[in-house]
Amino acid sequence: MKIEMRGIMLFFCMACFLFLCGCSGGGELHEKFIIQGVAVDKDGEKYKLTAQAYDFQTPKDEKEPSIRVVEVSGATLLEALENIKKKTSLNPVYSQNMIILMGEDVAKTGVNNFIDFFIRHCETRPKVKLCVCSGAASEILKAKDGDKPVKAQNIHDLIPDELGSDVMHFVGDVYGKISDPCVAWLGLTENGDDKEITFKGIGLFHGDVLCDFLENDDAFGFMIFKSIPNFSSSTVQNQHFGEVTYSAVRSSVIVTPEVAENSYPVFKININVQMSAFAFDSDYKNEASESDITGLESDIESKLSGIYNSLLKKIISANIDALGFGKILRNSHPEYFKSIANDWKNIISKCRYDVTQDVELIITGKEPI
C-alpha cells in the first residue's frame, strides 16, 4: 500500500513539472522589447518618454542585436510606458534597464511625480543610474556615434558608482529627510558632425525637486569631497610654470562634528588629496627645483581652499545637505541630532565648517600645453 501511494505521489509531482514555465516572462526573445535606457521629458502637460532597447526582430548580425529608439507620450508616465507596447507590438522588459535620464523640466517639477514605477515594478532594479540632463533628456538617448546610436551602456559607464547617482540612493535621501539627493548632470557638446555626451557636473535637489547645478571648479571640489578621483581638472597660475592644469588622483575626507551647549555644530573637515599636475603653458628647459615644486604645491593648496569655500557657501547657504553632514552628525551624536532633526535643514546654514587639507603633488607631465 505504501509503495502504491508513493508511486501516485511521484506521478503528481512529475505532472506538476510538466506544466511549469521555464521563464516567468514567457514568450520568445524576438517578441520582447528589452529596454537598456529610458529618457523622461515633459511635453506640455504630457510625459514624453524615449526608450532605447535591443531589437531582436531585425538583428544587426548573429552576435549583436540592433539598437532601436522609440518615442511615446502619455498623460502619466505609466500611460507612456504602456504605449511602448502599442507602438512596437512587443512586450517591454525592464530588468535590463541601466539608466534613467531626466529632462531639466521634469526634474524641476519633482521626481516623485514619475519615479514610483521604477521603485515598485517587479522587474526594475534599485541600482539603475539616475541622471539629469541639460534641456531634453531624449537628445542624450538619441545621440549618435557616427551612424550608430550611443549605447545606454556607454552613458551608464560615464557615471562612477561612488557618486550614488541611482534610484536607490535618490529615493533613500528623499524619504530619509536628512540629506538631499544629488545626481550626475549630463550634456551634449559638438564634436565635428557628431554630438558627444559629457559628464558636466552635479544636479542638486531640494527633496525631489532640482534646484541648482554644480559645474567647473564647484563640481571638481564636490568630487574631491566625495572621494571620487579623475573627474575633470582645474588650473592655477604659477610664477615658474605659468598656467598649470591638474587633477585629483585620490582623496580621502574625514568629517568630525563638534557639538556644544547653546551653539550650533562645528564640522571639522580634513581633506587629504593627491594632485597630478600634467600640463603647463610655459616651456622650461631645466628640471624643476624642489623650491619650484613646493611653490606650485602651495599655489594649488590656495586654489583648492578657494574651491572648497566657494562650494560650501553655494550649497550650505541654500540649506542643501548634498554632502551628508546631517547623517555624519546623527551617527556621531545621535541624541543631539534627535533634538534638532526636524529643523536640520534650517540649521545647516548656521553651522560652521572648518576645512584643513594635506596636498601631495606629483608631476605627471612636463610638456607645455
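The set of residues in the range 212-222 that are at negative phi and out of contact with any helix residue (DSSP H, G or I) (no Cβ under 8 Å at 6 or more places or on another chain) comprises Phe213, Glu215, Ala219.
Lys48 falls short of the stated requirement of being at pLDDT below 95 and among the charged types (D, E, K, R).
Here Lys129 fulfils each of the conditions (1) among the basic types (Lys, Arg); (2) under 15 Å from Ala152 (Cα atoms); (3) in contact with a Cys (Cβ under 9 Å, 6 or more places away or on another chain) apart from (3).
Has the range 83-99 got at least one residue that is part of a helix (DSSP H, G or I), of a type in the set (A, V, I, L, M) and either outside the structural domain of Arg125 (by TED's automatic domain parsing) or modelled with pLDDT of 90 or more (or both)? Yes, that holds for at least one residue.
The residue that is modelled with the lowest pLDDT, counting only those in the range 245-295 that are basic (Lys, Arg) and under 26 Å from Ile228 (Cα atoms), is Arg250. For the range 313-335, the set of residues classified as over 16 Å from Asp173 (Cα atoms) and among the charged types (D, E, K, R) consists of Lys313, Lys314, Glu335, listed by residue number. Would you confirm whether or not the range 203-222 contains a residue that is part of a strand (DSSP E or B), modelled with pLDDT of 95 or more, under 18 Å from the mean Cα position of the chain (by Cα) and closer than 23 Å to Val273 by Cα? Checked the range 203-222: at least one residue is part of a strand (DSSP E or B), modelled with pLDDT of 95 or more, under 18 Å from the mean Cα position of the chain (by Cα) and closer than 23 Å to Val273 by Cα. Restricting Ile178, Ile155, Ile140 to residues that are part of a loop (DSSP other than H, G, I, E, B), surrounded by 15 or more Cβ atoms within 10 Å (Cβ to Cβ) and of a type in the set (A, V, I, L, M) narrows the list to Ile178.
The values are calculated or read from the model by the stated rules, or taken from the named source; none is laboratory data. Computed from a predicted structure; not experimentally measured. A quick note on method: Cβ atoms are made from the backbone with ideal geometry, for glycine too, and the neighbour counts reach across all protein chains shown.
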